[in-house]
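Beneath this line is the structure, given in structure tokens, with notes to follow.
The values are calculated or read from the model by the stated rules, or taken from the named source; none is laboratory data. These numbers were taken from a predicted model, which means no experiment stands behind them. Ideal geometry is used to build each Cβ from the backbone, glycine not excepted, and the neighbour counts take in all protein chains shown. Areas reflect the complete protein model, heavy atoms only, side chains present, ligands, DNA and RNA absent. Shrake-Rupley method; radii C 1.70, N 1.55, O 1.52, S 1.80 Å.
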Amino acid sequence: MSYSSFTPPRRTLMGPGPSDISPQVLSAMSRPVIGHLDPLFVGMMDEVKALLQYAFQTKNEFTIALSAPGSAGMEACFVNLVEAGDQVIVCRNGVFGDRMVQNVERIGATAIIVDSPWGRAVETNKVAQALVDHPEAKFVAFVHAETSTGAVSDAKTLCALAKQHNCLTIVDAVTSLGGVELRVDDWGIDAIYSGSQKCLSCVPGLSPISFSANAVEVVKNRKTPIQSWFLDQSLVMSYWSGEGKRSYHHTAPVNSLYALHESLVHLHNEGLENAWARHKAQHQVLAKGLAKLGIEFIVPEDERLPQLNAVYIPEGADDAKVRGYLLNHYNLEIGAGLGGFAGKAWRIGLMGYAARNENVALCLSALEDALAQ
Ligand SMILES: *Cc1c(COP(=O)(O)O)cnc(C)c1O
């Protein structure tokens, strides 16, 4: 048996992530490896932190990129803040809300589940009622941008409700960061996590996270040790904010962090609000084109995510055949339905670098061709 190098094809990625990566971000990956405690690397990490604070719109001191994918960011928020016996109100309107429930239950805490229909925003009135019914609840957790259904929830209102009842908020911003309005400080979000491979258009495998001062206080005053050594952020804090004297916690994924730095520089240069506007504008062009093809959206217009377009598979079209045709004839990837939407929906991503005229035009013409076949 002999092996040779793996050479992936060049695809256009318009699914639920990973998203298209700009050539500059990709080439940043191949720069020389330097030590992760090298003073120059440490300087770059400080910039990553500042750029993440900009992307999250926060002054939170504890704002870092976790060396692991978004799922680890989710787990980090739950295992650091929540202890066995705590009550957590978890909003569930898709696959990722359900994963939050599983995180809470594995800790030995109680998840008070507030279900909203798939394909819709979290129903804020139900959350308000749950807060009244469960005065002992300590946290409210929800997914800002449900990638499984394409719905955006009203994070500002949910956080305000939580505050009225002295609950801290845990927010999934994996798909929202860089794609839609998100203001951690203004909205009073306490713990938030994202992913590198969605609207930041970086390589997969990193999870930006940020904790408010109140959240850090909760971590410091825990009664029980955090059961995960790797995700115990009290150990990582000294690595990121050791003021010049960083200590070894784990080996940082040096080259992936070059890529994240590069993608965050691009976001900063474009301007966050311009990036949000670009996603919206490209979504509107795509929506018009899809309407012409007779393809219908699952989510009502005012609850739609511009960066994740969940649509019903048209009558008579074969799910796997169409997606296979796009991949084989156009090198174009769109997403299949997830969970309850498997076989019923496609998810067309316009994330980060993929939210461009060329991509939208390619997607529409390729879909038209695929459906005609
Ligand atoms: C993609 C995603 C995750 C998980 O991120 P990974 O990097 O795949 O682990 C979590 N939540 C949401 C909303 C996502 O879209």
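Brief remarks follow.
- Burial ranking of peptide ranges 289-300, 341-352, 196-207 (average Cβ count within 10 Å, highest at the top): 196-207, 341-352, 289-300
- Fraction of accessible area attributable to carbon and sulfur, the chain (%, probe 1.4 Å): 52 percent
- Charge context of residue 126, other residues only, Cβ under 14 angstrom, K/R +1, D/E -1: -2
- The stretch 23-268: antiparallel DSSP beta bridges as a percent of all, rounded to 5: 35 percent
- In sequence order, the stretch 262-270 has phi-based couplings of 4, 5, 6, 5, 4, 4, 5, 5, 5 Hz under the Karplus curve 6.51 cos²θ - 1.76 cosθ + 1.60, θ = phi - 60°, and Gly or Pro positions carry x.
- Kirkwood Rh, Cα atoms: Rg over Rh of the stretch 152-274: 0.98
- Taking the DSSP beta bridges with both ends in the stretch 136-252, the antiparallel portion is around 40 percent.
- Gyration tensor (alpha-carbon) shape descriptor, the stretch 242-346, a/c threshold 1.5: prolate
- Under 5 Å from the amide H of residue 345 lie the amide H atoms of 313, 337, each residue being 5 or more positions distant or on a separate chain, with H modelled from the backbone and absent for Pro and chain starts.
- Rounded, prolate or oblate (a/c below 1.5 giving rounded, otherwise prolate when a/b exceeds b/c) for the stretch 15-69 by Cα gyration tensor: oblate
- Ranked by the mean number of other Cβ atoms within 10 Å of their residues, highest first, the peptides 55-68, 139-152, 312-325 fall in the order 139-152, 55-68, 312-325.
- Taking packing as the residue-averaged number of other Cβ atoms within 10 angstrom, the listed peptides 247-255, 229-237 run from highest to lowest as 229-237, 247-255.
- Cut-off 13 Å between beta-carbons: net charge of the residues surrounding residue 301, Lys and Arg +1, Asp and Glu -1: +1
- For the stretch 154-164, Karplus couplings with θ = phi - 60° (6.51, -1.76, 1.60), whole Hz, Gly/Pro x: 7, 4, 4, 5, 4, 5, 5, 4, 4, 4, 4
- Here's how it looks for residue 231: its modeled amide H is under 5 Å from none belonging to a residue 5 or more places away or on a different chain.
- Helical content of the chain, expressed as a calculated mean residue ellipticity at 222 nm, amounts to -13000 deg cm²/dmol (DSSP H runs of 4 or more residues, -39,500 (n - 2.57) each, divided by residue number, nearest 500).
- Using θ = phi - 60° and Karplus 6.51 cos²θ - 1.76 cosθ + 1.60, couplings along the stretch 136-151 (whole Hz; Gly, Pro as x): 7, 4, 9, 9, 10, 10, 7, 9, 5, 10, 6, 5, 6, 10, x, 9
- Intensity falloff of the stretch 23-268 expressed as log10 I(q)/I(0), Debye formula with alpha-carbon point scatterers, at q = 0.13 Å⁻¹: -0.75
- Charge sum, other residues only, whose C-beta stays under 11 Å from residue 108's C-beta, Lys/Arg counted +1 and Asp/Glu -1: -2
- Gaussian network model of the chain, Cα within-10 Å springs - most flexible of 327, 13, 257: 327
- Relative contact order, percent, the chain [alpha-carbon distance under 8 Å, six or more residues apart]: 25 percent
- Principal axis box of the stretch 322-365, alpha-carbon based, largest edge first, Å: 31, 23, 13
- Spatially near lysine pairs across the stretch 190-301, Cα under 29 Å, sequence gap of 8 or more or different chains: 7
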